[in-house]
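Colleague: Below you will find the structure I want to go over with you.
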Amino acid sequence: MDQKTKWFDITVTLHNGMVHWPNDPSVIIKRVVDMNKGGRCNVSHLDMGSHTGTHMDAPLHFLKNGKSLDQMPLEATIGPARVIPIKDKEMICINELKQHKIKRGERILFKTLNSKRCWIKNSFVKEFVYIPYETARYLTKIGVRTIGVDYLSVGGYKKDGRQTHETLLGAGIWLIEGLNLSKVKPGRYYLICLPLKILNSDGAPARAILSKVK
């Protein structure tokens, strides 16, 4: 890495009133001390769920005795990664993944139709491309290290949500959700994704960036 390295920000920008998972806390970002209103500085109040925007899931999110996010090893989300394109408009299927020959220990980010169509709306998109339970089992058998998806959940909306999470998290796979890969081409990259370090957290917002591997 040097000063000429080009970085791609694949993080969704947090903003007031943005889309969030149904029944999760809404996103409220409010300036409570404002220099434009006579304040000596600017200070904002942040009110949101732990799974807002680009974020990570800890095993504790779905496993009662699972690790919290502050226990995550840094190498889980820092290192080589691969962006894999998904053509299926409904789900990430095993047959489509086989051609990419995913290997044990890889960090895999799935680029689906979600990146282009879901993040342009502030309303929740129910029919997003997701990882079904069968594919989750396939990925655990391979032994991938980290998985990233380009909407708010690895599991579908009322479709394999709990099973997919429990399967992946139970296998020790770290999950990045809410990525925006619309400006990134498939290929090999160097990933840096660091969630907020919150004690005993089930999840936390994160900043994720990629640099192209030559």
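Colleague: Read through the list (1) assigned to a loop (DSSP other than H, G, I, E, B); (2) closer than 19 Å to residue 152 by Cα; (3) touching a residue at least 40 places away in the same chain (Cβ under 8 Å), then give the number of the only condition that residue 24 fails.
Modeller: So residue 24 meets the others, but not (3).
Colleague: Is it true that residue 161 is surrounded by fewer than 19 Cβ atoms within 10 Å (Cβ to Cβ), modelled with pLDDT under 95, small (Gly, Ala, Ser) and out of contact with any helix residue (DSSP H, G or I) (no Cβ under 6 Å at 6 or more places or on another chain)? Write out each step before concluding.
Modeller: Details: surrounded by fewer than 19 Cβ atoms within 10 Å (Cβ to Cβ): yes; modelled with pLDDT under 95: yes; small (Gly, Ala, Ser): yes; out of contact with any helix residue (DSSP H, G or I) (no Cβ under 6 Å at 6 or more places or on another chain): yes.
Taking the combined requirement at face value, the residue satisfies it.
Colleague: I would also like to ask the following. For segment 155-214: of the residues being part of a helix (DSSP H, G or I) and of a type in the set (S, T, N, Q), which is nearest to residue 84 (Cα to Cα)? Spell out how you get there, then give the answer.
Modeller: Within segment 155-214, the subset part of a helix (DSSP H, G or I) is 161-170.
Still in the list and also of a type in the set (S, T, N, Q): 163-164, 167.
Numbers: 163: 23, 164: 19, 167: 21 Å.
Of everything passing the filter in segment 155-214, 164 is nearest to residue 84 (Cα to Cα).
Colleague: While we're here: From the list 5, 77, 52, which residue is within 25 Å of residue 194 (Cβ to Cβ), polar (S, T, N, Q) and out of contact with any Leu (no Cβ under 9 Å at 6 or more places or on another chain)? I'd like the intermediate steps shown before the answer.
Modeller: On the way: 77 fails: out of contact with any Leu (no Cβ under 9 Å at 6 or more places or on another chain); 52 fails: out of contact with any Leu (no Cβ under 9 Å at 6 or more places or on another chain).
Answer to the check: 5.
Colleague: Checking the structure you have, find out if any residue of segment 43-54 is more than 21 Å from residue 203 (Cα to Cα), among the aliphatic types (A, V, I, L, M) and exposed (fewer than 14 other Cβ atoms within 10 Å of the Cβ). Explain how you work it out, then say what you get.
Modeller: Taking segment 43-54 and keeping what is more than 21 Å from residue 203 (Cα to Cα), we get 43-44.
Pick out the ones that are also among the aliphatic types (A, V, I, L, M) and you get 43.
With the extra rule that they be exposed (fewer than 14 other Cβ atoms within 10 Å of the Cβ), the set shrinks to 43.
Within segment 43-54, one or more residues are more than 21 Å from residue 203 (Cα to Cα), among the aliphatic types (A, V, I, L, M) and exposed (fewer than 14 other Cβ atoms within 10 Å of the Cβ).
Colleague: State all residues of segment 96-112 that are in contact with an Asp or Glu (Cβ under 9 Å, 6 or more places away or on another chain) and surrounded by fewer than 21 Cβ atoms within 10 Å (Cβ to Cβ); if no residue qualifies, say none. So that I can check it myself, show each step before the final result.
Modeller: So in segment 96-112, the residues in contact with an Asp or Glu (Cβ under 9 Å, 6 or more places away or on another chain) come out as 96, 109-112.
96 - this is the single residue of segment 96-112 that is in contact with an Asp or Glu (Cβ under 9 Å, 6 or more places away or on another chain) and surrounded by fewer than 21 Cβ atoms within 10 Å (Cβ to Cβ).
Colleague: For residues that are surrounded by 14 or more Cβ atoms within 10 Å (Cβ to Cβ) and over 15 Å from the mean Cα position of the chain (by Cα), tally how many sit in segment 73-83. Break it down into steps so the answer makes sense when it comes.
Modeller: Start the filter on segment 73-83 by keeping residues that are surrounded by 14 or more Cβ atoms within 10 Å (Cβ to Cβ), which leaves 76-79, 81-83.
Checking the rest, the ones that are also over 15 Å from the mean Cα position of the chain (by Cα) come to 79.
Summing the residues that are surrounded by 14 or more Cβ atoms within 10 Å (Cβ to Cβ) and over 15 Å from the mean Cα position of the chain (by Cα) in segment 73-83 gives 1.
Colleague: Further question on the same structure: Suppose the filter is buried (at least 20 other Cβ atoms within 10 Å of the Cβ), modelled with pLDDT of 95 or more and in contact with an Asp or Glu (Cβ under 9 Å, 6 or more places away or on another chain); does residue 169 pass it? Please lay out each step first, then the result.
Modeller: On the way: buried (at least 20 other Cβ atoms within 10 Å of the Cβ): yes; modelled with pLDDT of 95 or more: yes; in contact with an Asp or Glu (Cβ under 9 Å, 6 or more places away or on another chain): yes.
Yes, satisfied.
Colleague: Please specify each residue of segment 98-131 satisfying the condition of being assigned to a strand (DSSP E or B), touching a Leu at 6+ places or on another chain (Cβ under 7 Å) and not hydrophobic (A, V, I, L, M, F, W, C).
Modeller: Going residue by residue through segment 98-131, those that are assigned to a strand (DSSP E or B) are 107-111, 130.
Adding the requirement that they be touching a Leu at 6+ places or on another chain (Cβ under 7 Å) leaves 107, 109, 111.
Within segment 98-131, 107, 111 meet the criteria.
Colleague: Looking at 139, 199, 191, which is the one that is at negative phi and touching an Asp or Glu at 6+ places or on another chain (Cβ under 7 Å)? Please lay out each step first, then the result.
Modeller: Details: 139 fails: touching an Asp or Glu at 6+ places or on another chain (Cβ under 7 Å); 191 fails: touching an Asp or Glu at 6+ places or on another chain (Cβ under 7 Å).
Only one candidate passes the filter, namely 199.
Colleague: Please specify each residue of segment 132-158 satisfying the condition of being in contact with a Phe, Trp or Tyr (Cβ under 8 Å, 6 or more places away or on another chain) and crowded, with 18+ Cβ neighbours inside 10 Å.
Modeller: Narrowing segment 132-158 to residues in contact with a Phe, Trp or Tyr (Cβ under 8 Å, 6 or more places away or on another chain): 145-157.
Hits for segment 132-158 are 145, 146, 147, 148, 149, 150, 151, 152, 153, 154, 155, 156.
Colleague: Hey, another quick one. What tally of residues in segment 11-46 results from selecting those that are among the aliphatic types (A, V, I, L, M) and out of contact with any strand residue (DSSP E or B) (no Cβ under 8 Å at 6 or more places or on another chain)?
Modeller: Here the count works out to 3.
Colleague: Mind checking whether some residue in segment 34-46 is of a type in the set (Gly, Ala, Ser), assigned to a loop (DSSP other than H, G, I, E, B), at pLDDT 95 or above and within 16 Å of residue 196 (Cβ to Cβ)? Walk me through it before giving the result.
Modeller: Just the residues of segment 34-46 that are of a type in the set (Gly, Ala, Ser), to begin with: 38-39, 44.
Still in the running and assigned to a loop (DSSP other than H, G, I, E, B): 38-39.
Then drop every residue that is not at pLDDT 95 or above, which leaves 38-39.
Next, from what is left, pick out any that are within 16 Å of residue 196 (Cβ to Cβ): none.
No, because not a single residue in segment 34-46 is of a type in the set (Gly, Ala, Ser), assigned to a loop (DSSP other than H, G, I, E, B), at pLDDT 95 or above and within 16 Å of residue 196 (Cβ to Cβ).
The values are calculated or read from the model by the stated rules, or taken from the named source; none is laboratory data. The shown structure was predicted, so the numbers you read here are calculated from the model rather than taken from an experiment. No Cβ is skipped: glycine too gets one built from the backbone with ideal geometry, and neighbour counts run over all protein chains shown.
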